[in-house]
Amino acid sequence: MKGILDKQQVADLFIDQHSVMVGGFMANGAPELLIDILLDSKLRDLHLISTDTAMPDKGSGRLITAKRIKRLTASHIGLNPNTGKQMFAEELDVELVPQGSLAERIRCGGAGLGGVLTPTGLGTLAAENKRVIEVEGQQFLLELPLRADIALIKASKADERGNLFYAKTTRNFNPLMATAATLVIAQVDEIVAKGQLEAESIATPGIFVDYLYCPAHQNQKE
Amino acid sequence: MSVDKRHWIAQRVAKELKNGDVVNLGIGLPSLVGNYVASNVELIIQSENGLLGLDGMANEDQADPDLVNAGGQAITAVEGACYFDSAMSFTIIRGGHVDVSILGALEVDQDANLANWLVPGKLAPGMGGAMDLVVGARTVIIAMEHTNKGKPKLLKRCSLPLTATGQVNLVVTEFGVFKPNTRGFEVLELAPNVSLEMAQAASQATLYVSA
């Protein structure tokens, strides 16, 4: 972990990126404050990777609503009507991926793997343009790794090393995305001193996190 | 669908569940099944956003912003519940560790195919975790209305893009319990006051009672 940033410092990082992963599941565990900063930035025509597009006014759905996304990789878009509208109007290029395959593709991206073989999607439209590989008489789809220029994630607590703890169901895609992007920024509710997180409860080791953003921590210092 | 019909479907699906089963309940009608499980049956309910041990919907006092189901709704968890990331969640699903997946469908056919994620040109909710669930779960039960505004949903062959091929074990509708088989759907049980003729009239595939 390189440091704790204020809003302007985070904004200064958004310069020339083309792809962004946004954590959260139906906006639960989504980095809403980082999304605010991204919306204020000049970044446009982005490739968004997010398991769903939440709702129009929540989580990654807000990037769709503001028409900042040109290409989307997601598993579910049903609760954000804007996504479907932009897709059918051909303003947004959507790749729908089974949720488990999406998780594994991001995991592969972060783990240095060349892809993953799964039977999920065989015999469906999700198999289009994908290689089918036979292993010991059984067919599998080859799902390729996913990485992004930025990952915006959300955790409940961080320590000064950037180790992250996620409360309950807010974990979802956040730890996976933390491994699979060039620049990883974590919005956290609270930053505690080294040693104050139970080491076994850390779901993302701080080495994956470039920067922390925590308005409550700024206020505490001032 | 009337409350009575939904009640009948949910309670009938619940009878298929055994003590200790790891179960994933889809949104809508399937999510009601948990309310009808016998008192001597304890399930481990998975929510694919990262929880084993879902209890039920949270009322206003219980709602915790950090605890939701796969539809993003506030829920409660049982004592002894555990949380994990999405890779672990789908390891549970895809690795065959879910005993029963209960979900809705737009169409089911006699070759045990189902369609529930895309109506080309009209509606594209996406598959979410459904493709993984139907391929990975040991038993797949479809809980749905028998027809869509009078249009049959038990078909010889699905017309919509498939969610998976050959994975459906059982279909429960307000008309009864049906098992896909290459010659049609075997009728395992009819709902009260439903005749085979009534169920057949609402189905495109052939229904039959095993001799």
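Among the residues of the range B:80-139, those identified as facing another protein chain (nearest Cβ under 8 Å), farther than 13 Å from A:Pro98 by Cβ and among the hydrophobic types (A, V, I, L, M, F, W, C) are B:Phe84, B:Ala87, B:Leu123, B:Ala124.
For the range A:91-107, the candidate set comprises residues that are surrounded by 19 or more Cβ atoms within 10 Å (Cβ to Cβ) and either more than 10 Å from chain B (Cβ to nearest Cβ) or among the charged types (D, E, K, R) (or both); within that set, the residue that is nearest to B:Gly95 (Cα to Cα) is A:Glu104. Only one of the listed residues (A:Glu143, A:Glu134, A:Glu128) is charged (D, E, K, R), within 28 Å of B:Pro120 (Cβ to Cβ) and open to solvent by 70 Å² or more (accessible area, probe 1.4 Å). That residue is A:Glu128. Among the criteria (1) more than 30 Å from A:Phe140 (Cα to Cα); (2) in contact with a helix residue (DSSP H, G or I) (Cβ under 8 Å, 6 or more places away or on another chain); (3) of a type in the set (Asp, Glu), the one B:Asp85 does not fulfil is (1).
So B:Asp64 ticks every box in (1) within 12 Å of another protein chain (Cβ to nearest Cβ); (2) of a type in the set (D, E, K, R); (3) open to solvent by less than 20 Å² (accessible area, probe 1.4 Å) but one. Which box is left unticked? B:Asp64 satisfies all of (1) within 12 Å of another protein chain (Cβ to nearest Cβ); (2) of a type in the set (D, E, K, R); (3) open to solvent by less than 20 Å² (accessible area, probe 1.4 Å) except (3). Checking each residue in the range A:149-164 for being within 11 Å of chain B (Cβ to nearest Cβ) and either surrounded by fewer than 24 Cβ atoms within 10 Å (Cβ to Cβ) or over 29 Å from B:Thr76 (Cα atoms) (or both) picks out only A:Ser156. Total residues in the range B:157-178 satisfying the condition of being more than 13 Å from the chain's Cα centre (by Cα), under 19 Å from B:Leu190 (Cβ atoms) and part of a loop (DSSP other than H, G, I, E, B): the figure is 2. Step by step: first the residues of the range A:79-90, then only those that are in contact (Cβ under 8 Å) with a residue 24 or more places away in the chain and part of a loop (DSSP other than H, G, I, E, B), then the one that is nearest to the other protein chains (Cβ to nearest Cβ). Which residue is that? Per the criteria, the residue is A:Leu79.
Scanning the range A:149-170 for residues that are aliphatic (A, V, I, L, M) and either over 30 Å from A:Asp16 (Cβ atoms) or not in a strand (DSSP E or B) (or both) gives a single hit, A:Ala167.
Right, B:Ala112: closer than 20 Å to B:Arg12 by Cβ and in a loop (DSSP other than H, G, I, E, B) or not? When the stated conditions are applied, B:Ala112 passes them.
Would the range B:136-150 turn up any residue that is part of a strand (DSSP E or B), in contact with a helix residue (DSSP H, G or I) (Cβ under 7 Å, 6 or more places away or on another chain) and more than 26 Å from B:Val22 (Cα to Cα)? Within the range B:136-150, not a single residue is part of a strand (DSSP E or B), in contact with a helix residue (DSSP H, G or I) (Cβ under 7 Å, 6 or more places away or on another chain) and more than 26 Å from B:Val22 (Cα to Cα). Within the range B:117-127, none of the residues are open to solvent by less than 40 Å² (accessible area, probe 1.4 Å) and within 26 Å of B:Gln11 (Cβ to Cβ). The range B:2-89 holds strands (runs of 3 or more DSSP E) entirely within its bounds, and those carrying 3 or more residues that are in contact with a Gly (Cβ under 6 Å, 6 or more places away or on another chain) map to B:75-83. Residues considered: A:Leu146, A:Leu197, A:Leu176, A:Leu113. Of these, the only one that is facing chain B (nearest Cβ under 8 Å), aliphatic (A, V, I, L, M) and outside any strand (DSSP E or B) is A:Leu176. If you filter the range A:56-78 down to residues that are out of contact with any Pro (no Cβ under 7 Å at 6 or more places or on another chain), in a loop (DSSP other than H, G, I, E, B) and open to solvent by less than 10 Å² (accessible area, probe 1.4 Å), you find that the one that is nearest to the other protein chains (Cβ to nearest Cβ) is A:Gly59.
For B:Leu155, the conditions (1) open to solvent by less than 30 Å² (accessible area, probe 1.4 Å); (2) within 13 Å of another protein chain (Cβ to nearest Cβ) all hold with the exception of (2).
The values are calculated or read from the model by the stated rules, or taken from the named source; none is laboratory data. These numbers were taken from a predicted model, which means no experiment stands behind them. All Cβ positions, even for glycine, are placed from backbone atoms using ideal geometry, and neighbour counts span all protein chains on display. Surface areas here come from the heavy atoms of the whole protein model, side chains and all, with no ligands, DNA or RNA. Shrake-Rupley method; radii C 1.70, N 1.55, O 1.52, S 1.80 Å.
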